[in-house]
Amino acid sequence: MSHEAHEPETPHLDFQGTTPYEDYVKADVLTHLQHTLSDDPGEMVFLVTTQVMELWFTVIVHEWETAAQALRRDDVPTAVDALRRSRRELEALNASWRPLAGLTPAQFNSYRSALGEGSGFQSAMYRRMEFLLGDKSASMLVPHRGAPRVHAELEKALHEPSLYDEVLRFLARRGHPVPKDVLERDVSRKYEPSREVEEIWTSVYAGDERDEVARLGEALTDVAELVWRWRNDHLVATRRAMGSKTGTGGSAGVAWLEKRAQKSVFPELWTARSYV
């Protein structure tokens, strides 16, 4: 038997047209979507990071919609799996702030004017994320009236039950006393906390922590915590780059982000813990 080292076989390199990798990933499309509007070299990292965030929004929306659909079928394992995947994806999304977190005011101002009236507040995919979390408002469709496909997708999401609505409907089917006014609420409006729902989660957490519903509650709490961290990281990065000035696109900037950071996602999952 020969002990000579063998060179690994050269992979197949000769393709007709584009490579299978390119056909699947569309890397050439992705890497040519960056068109900076200033001469500042720092604008590229800002633009690419923002585009990466949009891709993570898209994946997370897919996961939460998968979880909602599974809950409609009473398929908790599939829902929990999707929520757990989204936890890792949210961690990656949150890490996207790192390249931007150290921006000084001078660095940000060097290309800020290139943004014009653009603002992350106008992100349609992020809005779909917020709608799935139950934070809904018809006024959030207004910036997208000029984009029919995007507007139609957002309008559909506005009038569909949120992920948390599907959770509460599932709990009702499992015999938990979810109030009728919660189950029959106008799902196009922002979800408001319910004392009765808080009592349901208190009961769930006071029981067997290995129970399927308890595991679902913890998967949702993981998501809620990471969304809260996203909002806080956004707040800190913005405060560091521009202080309390008016945000891009005329938004309230830090003042608006501070208000958002104070809000809990899936509120009763947090307040119930005080009573267990």
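Here is the list for the range 90-139: GluC sites (Glu not before Pro) lying in DSSP coil, each with at most 14 other C-beta atoms within 10 angstrom of its C-beta, are Glu117.
Only protein heavy atoms count here; on that basis, with a 1.4 Å probe, His159 has an accessible area of about 110 Å².
Shape verdict for the range 88-134, please, from the Cα gyration tensor: rounded (a/c under 1.5), prolate (a/b greater than b/c) or oblate. If you can, show how the numbers build up before the last one.
On the way: a/c = 3.89, a/b = 1.45, b/c = 2.69.
Oblate is the answer for the range 88-134, as a/c is 1.5 or above yet b/c matches or exceeds a/b.
Based solely on its DSSP helices, what 222 nm [θ] is calculated for the chain when runs of n ≥ 4 H residues each add -39,500 (n - 2.57) and the sum is averaged over all residues, nearest 500 deg cm²/dmol?
Values: 14 runs with 164 residues, N = 276.
Helices in the chain give a 222 nm mean residue ellipticity of -18500 deg cm²/dmol.
With a ≥ b ≥ c taken as the square roots of the eigenvalues of the C-alpha gyration tensor of the range 90-247, please select rounded if a/c is under 1.5 and otherwise prolate if a/b is larger than b/c or oblate if it is not? Numbers along the way, then the final one.
On the way: a/c = 3.00, a/b = 1.65, b/c = 1.82.
Because a/c hits 1.5 or more and a/b fails to exceed b/c, the range 90-247 counts as oblate.
When all protein chains stay in place and ligands, DNA and RNA are ignored, the 1.4 Å accessible-area order of Arg149, Arg84, Arg185, largest first, is Arg149, Arg84, Arg185.
Tally up the carbon and sulfur contribution to the accessible surface of the chain as a whole percent, 1.4 Å probe, everything protein left in place. Don't skip to the answer; put the middle values down first.
Numbers: 8520 of 15860 Å².
Roughly 54 percent of what the probe reaches on the chain is carbon or sulfur.
Solvent exposure of Thr31, expressed as accessible area, is near 90 Å², computed with a probe of 1.4 Å over the protein chains only. The listed residues Ser264, Ser194, once ranked by accessible area (1.4 Å probe) with the largest placed first, stand as Ser264, Ser194. Across the range 168-176, computed HN-Hα scalar couplings (Karplus, 6.51 cos²θ - 1.76 cosθ + 1.60, θ = phi - 60°) run 5, 5, 4, 4, 5, 5, 7, x, 7 Hz from first to last residue, x flagging Gly and Pro.
Please state the equivalent ellipsoid semi-axes for the range 35-168: what are the square roots of 5 times the Cα gyration tensor eigenvalues, largest first, in whole Å? Display every interim value, and only then the final one.
Details: eigenvalues 202, 72, 21 Å².
Over the Cα atoms of the range 35-168, the ellipsoid semi-axes are 32, 19, 10 Å.
Loop-located trypsin sites (Lys or Arg not before Pro) in the range 200-246 (DSSP state other than H, G, I, E, B) with a sparse environment of at most 14 neighbouring Cβ atoms within 10 Å: Arg210, Lys245.
Take Arg128: with every protein chain present and a 1.4 Å probe, its accessible area is about 40 Å². Note that the range 145-153 has calculated 3J(HN,Hα) couplings of 4, x, 10, x, 5, 5, 4, 5, 5 Hz, one per residue in order, obtained from phi through the Karplus relation 6.51 cos²θ - 1.76 cosθ + 1.60 (θ = phi - 60°); glycine and proline are x.
In square angstrom, what is the accessible area per residue of the range 19-90 with a 1.4 angstrom probe? Intermediate values should be presented prior to the final figure.
Values: 4210 Å² over 72 residues.
The answer is 58 Å² per residue.
Figure note: Phe121, Phe46 ranked by solvent-accessible area, largest first, 1.4 Å probe, ligands and nucleic acids not counted: Phe121, Phe46.
The values are calculated or read from the model by the stated rules, or taken from the named source; none is laboratory data. What you are looking at is a predicted structure, and each value in this text was computed from that prediction instead of being measured. In this analysis, Cβ positions are derived from the backbone assuming ideal geometry, glycine residues included, and neighbour counts consider all displayed protein chains. Surface accessibility is based on the protein's heavy atoms, side chains included, excluding ligands, DNA and RNA. Shrake-Rupley method; radii C 1.70, N 1.55, O 1.52, S 1.80 Å.
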